[in-house]
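Below is one structure, written out as structure tokens; comments come after it.
FYI, it's all coordinate maths here, none of it is from the lab. Since the structure is predicted, the reported quantities are computational estimates derived from the model, not experimental observations. Cβ: placed from backbone, ideal geometry, glycine included. Neighbour counts: every protein chain shown.
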Amino acid sequence: MRVLPAVWVTFGGISKTEPFSVSKRQYKPTGQFVVIVGDYSTRSEAASRQGGVNVNEVGCYRLVYAVRRLLTGQDLGLKINPLVPGRVRTLFNTQVAERALSVFACEFDTQWLEGALASGAWPEQTRDRAHPDWLYNEYHGQLSQPDPDLLRVGMRYDPPGMGSPDDPADLVNLRKKP
């Protein structure tokens with residue numbers, strides 16, 4: 001906080017998590033990013049909020065406008081829903097030495113999907129750094145072997161005049177044999 005005007009970005013936390021799928025293995029958390037803006041003025045507290053006559057006197061209100069304009073609807077290159085603007089709160093307006101200091105917080109909400117392991121399952125052994133279980137591999141956590149691939153599906157049905165339940169009517173291969 002030695003140089004003002006300034007903007008700081010922080011993760012404000014997760015406010016709720018809701019089930020997203022019927023299987024209860026996908027969840028949709030709602031998280032919040034908070035952008036804190038601050039400015040000062042040697043003239044007055046109003047100038048620290050509204051800006052001043054000099055181009056160097058931006059003011060917190062202009063910073064709030066700029067932050068909301070730039071970030072609303074953006075995903076920041078992350079796998080999240082676009083940012084939705086939320087509350088803007090005054091953190092403080094005060095006099096520090098001979099400077100009037102104003103600081104505001106701009107909140108942005110977003111959501112994303114998180115997958116859960118099956119009950120009793122361990123993260124999967126993988127060499128793929130993009131895999132969601134890579135972290136457990138990197139730090140030598142308890143792992144399980146990957147589930148085997150589903151190669152074929154056998155369907156048994158007994159429509160009238162088409163066969164019996166003891167004799168599968170269809171065997172569908174999902175992958176060609178090598």
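Shape analysis of the stretch 61-144 yields a ratio of the Cα radius of gyration to the Kirkwood radius, Rg/Rh, of 1.24.
If you take all other residues with their beta carbon under 12 Å from the beta carbon of residue 72, and give Lys and Arg +1 and Asp and Glu -1, the sum is -1. In a DSSP loop and with at most 14 other Cβ atoms within 10 Å, the trypsin sites (Lys or Arg not before Pro) in the stretch 109-154 are 127, 129.
Neighbours of residue 106, meaning other residues whose beta-carbon lies under 13 angstrom from its beta-carbon, give a summed charge of +3 when Lys and Arg score +1 and Asp and Glu score -1. Annotation: peptides 116-124, 137-145, ranked by per-residue average of other Cβ atoms within 10 Å with the highest first, follow the order 116-124, 137-145. The protection proxy used here, the mean number of other Cβ atoms lying within 10 Å of each residue, ranks peptides 20-33, 68-81 as follows, highest first: 20-33, 68-81.
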